[in-house]
Amino acid sequence: MFENSKAFSGFAVDDLEQARAFYADTLGLDVALADGLLTLRLAGGRDTIVYEKPDFAPATYTILNFPVEDVGAAVDELASRGVEMQRYEGFGQDERGISRQPEGPPIAWFTDPAGNILSVLEVS
């Protein structure tokens, strides 16, 4: 039924303008704001829609992952832009917030202004 549908995903925030500033200015993404929706134009041609929700609560899981070649360089660049890495119990994160567990790729988590969890993860 949907095998040819170009599906996309979306998530909510509490302030669309703050989200626009963060995703465009801090993360450097191509974004568009129209008709009350923020579109994140992600590499690979899969847009993600961001919308404001009055009774918003941040996601308690990672909503968006950014694969990078060098997670350490990405963490350093994010820190230089004022983004703080999150710490989670049991993930063996180093002083920069990077988890390097044998079960998965090197990864670090951070949040958008609404508190939604995002990550940078190293892919080879």
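The values are calculated or read from the model by the stated rules, or taken from the named source; none is laboratory data. All figures in this text were calculated on a predicted structure; none of them were measured in a lab. Heavy atoms of the whole protein, side chains included, go into the accessibility calculation; ligands, DNA and RNA do not. Shrake-Rupley method; radii C 1.70, N 1.55, O 1.52, S 1.80 Å.
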*Amide H neighbours of Asp47 under 5 Å, counting only residues 5+ apart in sequence or on other chains, H built in-plane at 1.01 Å?*
Leu42
*Give me the percent of the accessible area of the chain that comes from carbon and sulfur atoms, probe 1.4 Å, all protein chains in place.*
50
*Three principal axis extents, largest first, for the C-alpha atoms of the range 59-124, in Å?*
31, 24, 21
_Could you tell me what a quarter of the Cα convex hull surface of the range 1-96 works out to, in nm² with one decimal place?_
8.7
*Over the chain, give the accessible area per residue in Å² for a 1.4 Å probe, as an integer.*
61
*With viscosity set to 0.692 mPa s and temperature to 37 °C, compute the Stokes-Einstein D of the range 15-59, Rh being the Kirkwood radius across alpha carbon pairs; µm²/s, no decimals.*
300
*What number, rounded to the nearest 500 deg cm²/dmol, is the helix-based mean residue ellipticity at 222 nm of the chain, given -39500 (n - 2.57) per DSSP H run of at least four residues and division by all its residues?*
-3000 deg cm²/dmol
*Using θ = phi - 60° and the Karplus form 6.51 cos²θ - 1.76 cosθ + 1.60, what ³J(HN,Hα) does each residue of the range 23-39 get, whole Hz, x for Gly and Pro?*
5, 7, 7, 7, 8, x, 7, 6, 10, 9, 10, 7, 6, x, 10, 9, 9
*Could you pull the accessible area for Arg87 with a 1.4 Å probe, rounded to 10 Å²?*
130
